Number of protein chains: 2
Amino acid sequence: MAATSAPPASAHANGNGSHAGMAAQVGPPTNPMATALLTDQYQFSMAYAYWKAGKHADRAVFDLYFRKNPFGGEFTVFAGLEECIKFIANFKFTEHDISFLQSVMPMCEGAFFDYLREVDCSDVEVYSIPEGSVVFPKVPLMRVEGPVAVVQLLETPFVNLINYASLVTTNAARHRHVAGKSKVLLEFGLRRAQGPDGAISASKYCFMGGFDATSNVLAGNLFGIPLRGTHSHAFVSSYMSLDEIPDKALRSKDGSRVCQDFVSLVQEWLKKIQEADSLGAFGDSNQSELAAFASYALAFPSNFLALVDTYDVMRSGIPNFCAVALALHDLGYKASGIRLDSGDLAYLSIEARKVFRAVEKEFNVPGFGKMVITASNDLNEETIDALNKQGHEVDAFGIGTYLVTCYSQAALGCVFKLVEINSRPRIKLSEDVAKVSIPCKKRCFRLYGKEGYPLVDIMIRESEPSPKAGERILCRHPFIESKRAYVVPQHVEELLQCYWPGRSDEPRAELPSLDKIRSRCMQQLEKLRPDHIRRLNPTPYKVSVSAKLYDFIHRLWLNEAPVGELQ
Amino acid sequence: MAATSAPPASAHANGNGSHAGMAAQVGPPTNPMATALLTDQYQFSMAYAYWKAGKHADRAVFDLYFRKNPFGGEFTVFAGLEECIKFIANFKFTEHDISFLQSVMPMCEGAFFDYLREVDCSDVEVYSIPEGSVVFPKVPLMRVEGPVAVVQLLETPFVNLINYASLVTTNAARHRHVAGKSKVLLEFGLRRAQGPDGAISASKYCFMGGFDATSNVLAGNLFGIPLRGTHSHAFVSSYMSLDEIPDKALRSKDGSRVCQDFVSLVQEWLKKIQEADSLGAFGDSNQSELAAFASYALAFPSNFLALVDTYDVMRSGIPNFCAVALALHDLGYKASGIRLDSGDLAYLSIEARKVFRAVEKEFNVPGFGKMVITASNDLNEETIDALNKQGHEVDAFGIGTYLVTCYSQAALGCVFKLVEINSRPRIKLSEDVAKVSIPCKKRCFRLYGKEGYPLVDIMIRESEPSPKAGERILCRHPFIESKRAYVVPQHVEELLQCYWPGRSDEPRAELPSLDKIRSRCMQQLEKLRPDHIRRLNPTPYKVSVSAKLYDFIHRLWLNEAPVGELQ
């Protein structure tokens, strides 16, 4: 991983306090624009109203959760935690921020801005499910506790940093699932993403969700993600003829000899290919394309990968590629493969594979038939699934637009709801039951069954004893009375861990490396019962509350809801 | 507008050269992550292959354009130009960048990195349609000319900076169109946008496309966009009773007197409202909500706007709001209005309006009936259209998720195609005619008819004379032979202007302020013939080429396309 940049201007000046110390440890947010001003105006209006009423330090607990899995699926991968922790570690208003706020809120008393000057997150506690975990609706992904005015200011940036991160990680995981473990997945989304850090986050989180590499050089630099990329159509069409290659010499891979005219060698091979009956008698290929390939091979003899669809894949791109690859082979190099970026990818990959196998046999080049075929061009879950059903010979998929913009569902609806204030539980009602919040400061557990699969998540009140392996526990649907089941878990995992202890003595869970988070994600998906993860009609995973919490919710609900009057 | 921050680290050190001078004039990109590394890996592979072949300085011309208007419409608003110009003005590799590139491209010769160290955009020319213009498929939005290796490095960041900007500006313009000119449109998308600058760009470009304000404080700070926002459900549910308000005194607006117990005044008003027969005899309202409203009014007596749907809009939110608003009125303040965030917005807005009008009459409070009603909650073009059809009393719409993520179409497919190299035209063929590029360095014009509407855009070869007002010109469809028409324009507008002259003497068009770009956008949309902009079955706007360019395209096409052989 590349080193992160210098500490942010907003970090605390006094380097010894525990808060400043933590800020230094976790580093600044990836995007320098993620500052304390990156929030909704109403968070400041509310902060002022709380402050005026002397309520700003009231101790509030908020849950961050979502209500529905995206993409018609029954699972979500939680991502964005590290950025949230970096955000709060560096949360501080600069004098520039304060003057701006004063200018837009001239009706507020000056002392309020003095209060804002002192605000940081040293009194905030963040408990969270580890990043890269598989998560489900209604269960808090994060529980944020602290002075109500401060925690409200965190609402918008937290939801912003979690929503897209979790959405695109889940999208990547879904693409990995449909492509299968053996395929190489490349994220090519930079140009179509929603702005520079739409792209940079996409690269990070697609890697987390199971992609192998990205085309985004800055993401490679920031996160150490492997980079991939060869050339474009413009490169091919920028060549006119073979005469444009001034230096035609190429030293053999072992350094023992120099081929003075690599271009002629390529032309000789092209002739042999065109004349070989076993290859189906190719006609004339495009010479500007041949020039581009030869030129590219001279620059990258050990990494020759050619885009073969600029003119005509089967009539021009494939024979030209084979000619250059065979010439490279003469000099001890092994070509990497081709990329297809248009047309019928199933058909073209199968036809290309046939040619590669025939070349292997005709010219006795072991391994040529296994040449890597990369496909790109508006791929997504559905098109990969369709390719699988048709049969194809693609080894690697380059996926852009649909992956990074989450085209089939461009937003995840994470919310941030008040569940307790000054130790008094709060509930948010709604005519839509799915929108009623689950009150109280809670602890959350995942219960595993005999076969090692997770069976159910359960939320309990903080004061209740934890579920224990081997002990029977009643799990209730939070809202539907008739849905309940006894479970005897084989293994119990507490979901919320302390990532930001504020002033408490709780030890802080470490923020793992991106590679470790990626492994966690892969393992968690592996552990999930297959019917929860399948594309068609997946089974919903069960999310429950303890009997005590169930009773409490429903008492509070009845208390708060007005009795209607039908007219 | 707020001042921009300090000049970027990557700006040229020598402050007197014209390139460095321009960098200083235009300032750094809004997002500090938009650096020279923000590009695809293959742009560097190609740069190396060009360099190895001695082709890197070949003079290339690329067109940036899109092929299809988004959202099923027939127009697009072009945005993102200023960020592109800022990008190239600051385009330079740091030593950190170079070391990183060396580490990921160890097979490249050292001299290549010396070349990269020297690369900047002083030899690049950018011609562009002005930002905020209405634009159409196939017509170049930008024409970028320069050394092929450098211009290729710009492809990815340019497309990234234009794609989402133009998409979301167009989305905003569509929302403005459906809402009508008289409504207030508020962008509330920060929490659901695709990352921090997905949100920051959205705020900028939604304002450009016709929105009035944003909730995003940082965007307000960066771009001077008006800010809006009041309070959330959490604020309401954080209150338990009226006893929680310690300081109940409120000075009247004119400063002449102090009401020592504003809360009692509110309670008196609530009683009057509940007892008034003309208001339909309200029952008991929620007291924690009343406390939250009273507390908020004490903090913002001149800006009292309440979210009224936490418990029950008509039974609790509206009477509570009216009580506080009437108490404020007693002290000379005018309440701002309410926000509805759930339920049937058409019905609730109409019912709320009835109550406001009845209050105006019952208590003789002129203007109370005109109280501003803001609606939010998953709004988009379709729901606003549906509200319009049902009838509603909403004055302002707060729009988030669907607006900023461009949910109905999350990407615009801008491409960047080579059209000429070393003065030789290039064409990119495709089996899909819509994907064939229009070759040659071109000039583009918009021809206006008698009624002032634009009639057609026309592309001509650079060497051709410009179309002139009053002179008949043949406009041909670029690909379909039978589609052509003579036009006698009343007025001719050249579309591509010089925004980055490189080393040429061309004067540089100014980058206007955001307010000016917004006005341009509004004017351009105003000028468009209504059938091009309507939501249902809009008429496509015509895009054409000159007779000369038509002939040239088709000659080149025939030359390059292989003759097929049916088997």
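The values are calculated or read from the model by the stated rules, or taken from the named source; none is laboratory data. For clarity, every value in this text was computed on a predicted model and none was experimentally measured. Here Cβ is always computed from backbone atoms with ideal geometry, including for glycine, and neighbour counts include all displayed protein chains. For accessibility, only protein heavy atoms count, side chains too; no ligands or nucleic acids. Shrake-Rupley method; radii C 1.70, N 1.55, O 1.52, S 1.80 Å.
Some observations on this one:
- Between helix B:547-560 and chain B: long-axis angle, C-alpha atoms, 0 to 90°, nearest 10: 70 degrees
- Direction-averaged projected area, Cα convex hull, segment B:50-129: 7.7 nm², rounded to one decimal.
- Once the C-beta distance of B:D277 and A:K548 is scaled by a Förster radius of 51 Å, the resulting FRET efficiency is 0.65 to the nearest 0.05.
- Beta bridge orientation in the protein assembly as shown: antiparallel %, DSSP, nearest 5: 70 percent
- Taking every protein chain into account, the accessible area of segment A:231-393 amounts to 38 square angstrom per residue (probe 1.4 Å).
- Translational D in µm²/s for segment B:230-394 (Stokes-Einstein at 37 °C, 0.692 mPa s, Kirkwood Rh from C-alpha pairs): 206 µm²/s
- Cross-link reach list, aspartates and glutamates versus A:K370, counting only Cα pairs under 15 Å and skipping chain neighbours closer than eight places: A:E351, A:E360, A:E362, A:E393, A:D395
- Paramagnetic reach from B:R257 in segment B:317-340 [backbone N under 18 Å; point 7 Å along Cα→Cβ]: B:325-334
- For A:K183, the shell of other residues with beta-carbons less than 10 Å away shows a net charge of 0, using +1 for Lys and Arg and -1 for Asp and Glu.
- Subtracting the Cα-Cα distance of B:D243 and B:K68 from 0.36 nm times their residue separation leaves 57.0 nm of extension gain.
- Contact residues in segment A:403-437 (at least 50 Å² less accessible area with all protein chains than alone, 1.4 Å probe): A:Y407, A:A410, A:A411, A:R426, A:K428.
- Cross-link check: pairs A:K442/A:K542; A:K417/A:K442; A:K138/A:K442; B:K271/B:K361; A:K138/A:K483; B:K52/B:K428 evaluated at a Cα-Cα cut-off of 19 Å; pairs beyond the cut-off: B:K52/B:K428.
- Computed FRET value (nearest 0.05) for B:K389 with A:C498, which takes r as the C-beta separation and R₀ as 35 Å: 0.10
- In segment A:196-210, burial by the other protein chains removes 30 Å² or more of accessible area from A:P196, A:D197, compared with the chain on its own (1.4 Å probe, ligands and nucleic acids ignored).
- Mean projection area, nm², convex hull over Cα of the protein assembly as shown: 47.9 nm²
- Look at the stretch A:220-228: the mean tally of other chain Cβ atoms within 10 Å of its residues' Cβ atoms is 4.
- Surface share of carbon and sulfur [accessible, 1.4 angstrom probe, percent] for the protein assembly as shown: 49 percent
- Per residue accessible area of segment A:36-188, 1.4 Å probe, in Å²: 22 Å²
- Seen from B:L227, the other residues with C-beta closer than 12 Å to its C-beta sum to a net charge of -2, counting Lys and Arg as +1 and Asp and Glu as -1.
- Residue by residue, segment B:379-393 carries 3J(HN,Hα) couplings of 7, 7, 3, 5, 5, 5, 4, 5, 4, 4, 5, 6, x, 7, 10 Hz when phi is fed to the Karplus relation 6.51 cos²θ - 1.76 cosθ + 1.60 (θ = phi - 60°); x denotes Gly or Pro.
- Taking Cα centre as origin and charging only the Cβ of basic (Lys, Arg, +1) and acidic (Asp, Glu, -1) residues, the dipole magnitude of segment A:231-393 rounds to 640 debye.
- The C-alpha atoms of chain B define a longest principal axis, and helix B:95-104 lies at about 70 degrees to it.
- Within the shell of other residues whose beta carbon sits under 10 angstrom from the beta carbon of B:A547, the net charge comes to +1, with Lys and Arg scored +1 and Asp and Glu -1.
- In order along segment B:282-296, the phi-based Karplus estimate (6.51 cos²θ - 1.76 cosθ + 1.60, θ = phi - 60°) of 3J(HN,Hα) comes to 6, x, 5, 9, 6, 6, 5, 5, 4, 5, 4, 5, 4, 5, 5 Hz; Gly and Pro are listed as x.
- Listing of segment B:146-186 residues, each with accessible area lower by at least 10 Å² in the full protein assembly than in the chain alone (probe 1.4 Å): B:Q152, B:E155, B:T156, B:V159, B:N160, B:L161, B:N163, B:Y164
- Karplus (6.51, -1.76, 1.60) ³J(HN,Hα), θ = phi - 60°, over segment A:133-147, in Hz, Gly and Pro reported as x: 7, 7, 9, 9, x, 6, 6, x, 7, 9, 10, 10, 10, x, x
- Estimated 222 nm signal from helices in chain B, with DSSP H stretches of n ≥ 4 weighted -39500 (n - 2.57), rounded to 500: -11500 deg cm²/dmol
- Interface area, A with B, accessible, probe 1.4 Å, both sides summed, Å² nearest 100: 9100 Å²
- The mean number of Cβ atoms from other chains found within 10 Å of a Cβ in peptide A:43-51 is 6, as a whole number.
- Here's the picture: charge each Lys and Arg Cβ at +1 and each Asp and Glu Cβ at -1 in segment B:230-394, and of B:G369, B:L305, B:L270 the one pushed furthest to the positive end of that dipole is B:G369.
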